[in-house]
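The values are calculated or read from the model by the stated rules, or taken from the named source; none is laboratory data. These figures come from a predicted structure and were not determined experimentally. Here the Cβ positions follow ideal geometry from the backbone for every residue, glycine too, while neighbour counts run over all protein chains shown. Remember, those area values only see protein heavy atoms, side chains included, never the ligands or the DNA or RNA. Shrake-Rupley method; radii C 1.70, N 1.55, O 1.52, S 1.80 Å.
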Amino acid sequence: MNILVINGPNLNLLGERETDLYGTDTLDELMVWLSNCPECIEHEFKFYQSNHEGEIIDFIHDERHWSQGIIINPGAFTHYSYAIMDAIKSVNIPTVEVHITNIKDREDFRKKSVIEPACIKQISGMGKYSYLEGVKELI
């Protein structure tokens, strides 16, 4: 299976920012770990991170013919990016929304996801294992 793994704003600072919440693994370390998990080694991945909404949308559009599944951690875009939600719906590729922390247990504004309705599942609160569970859901 060809899987896009998309990370949104501020996830490029994993390993540095709020390590008590997000852990000490960098984004690159997390993506290497994911691609080397036994459940994942037979699948192809393209990893992408951007702090810019339009670039994420362009990546989804540009990779729509290659991808058979999408894992997305939209970061703060989770709570207000109807444009990313529409992009996911427009490409008709099974998508799993993931979060390192449990967004339901955080600040009120973080509890609602506008991305979730376009996804087959939302997984949060499992640290880096949220990504692995997302892959399992797709396959």
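I'd like to know if region 50-64 contains one or more residues that are open to solvent by less than 20 Å² (accessible area, probe 1.4 Å), more than 17 Å from Tyr131 (Cβ to Cβ), outside any loop (DSSP other than H, G, I, E, B) and not acidic (Asp, Glu). Within region 50-64, one or more residues are open to solvent by less than 20 Å² (accessible area, probe 1.4 Å), more than 17 Å from Tyr131 (Cβ to Cβ), outside any loop (DSSP other than H, G, I, E, B) and not acidic (Asp, Glu). Residues of region 99-119 that are touching a Gly at 6+ places or on another chain (Cβ under 9 Å) and not in a helix (DSSP H, G or I): His99, Ile100, Thr101, Asn102. Picking from residues in region 101-117 that are of a type outside the set (D, E, K, R) and open to solvent by 20 Å² or more (accessible area, probe 1.4 Å), the one that is farthest from the chain's Cα centre (by Cα) is Phe109. With respect to being modelled with pLDDT of 95 or more, open to solvent by less than 40 Å² (accessible area, probe 1.4 Å), part of a loop (DSSP other than H, G, I, E, B) and out of contact with any helix residue (DSSP H, G or I) (no Cβ under 6 Å at 6 or more places or on another chain), Ser35 falls outside the description.
Does region 8-21 contain at least one residue that is of a type outside the set (A, V, I, L, M, F, W, C), at pLDDT below 95 and in a helix (DSSP H, G or I)? Within region 8-21 (the criterion being of a type outside the set (A, V, I, L, M, F, W, C), at pLDDT below 95 and in a helix (DSSP H, G or I)), the answer is yes, since at least one residue qualifies. Considering (1) within 23 Å of Lys136 (Cβ to Cβ); (2) open to solvent by 50 Å² or more (accessible area, probe 1.4 Å), the lone condition that Val98 does not fulfil carries the number (2).
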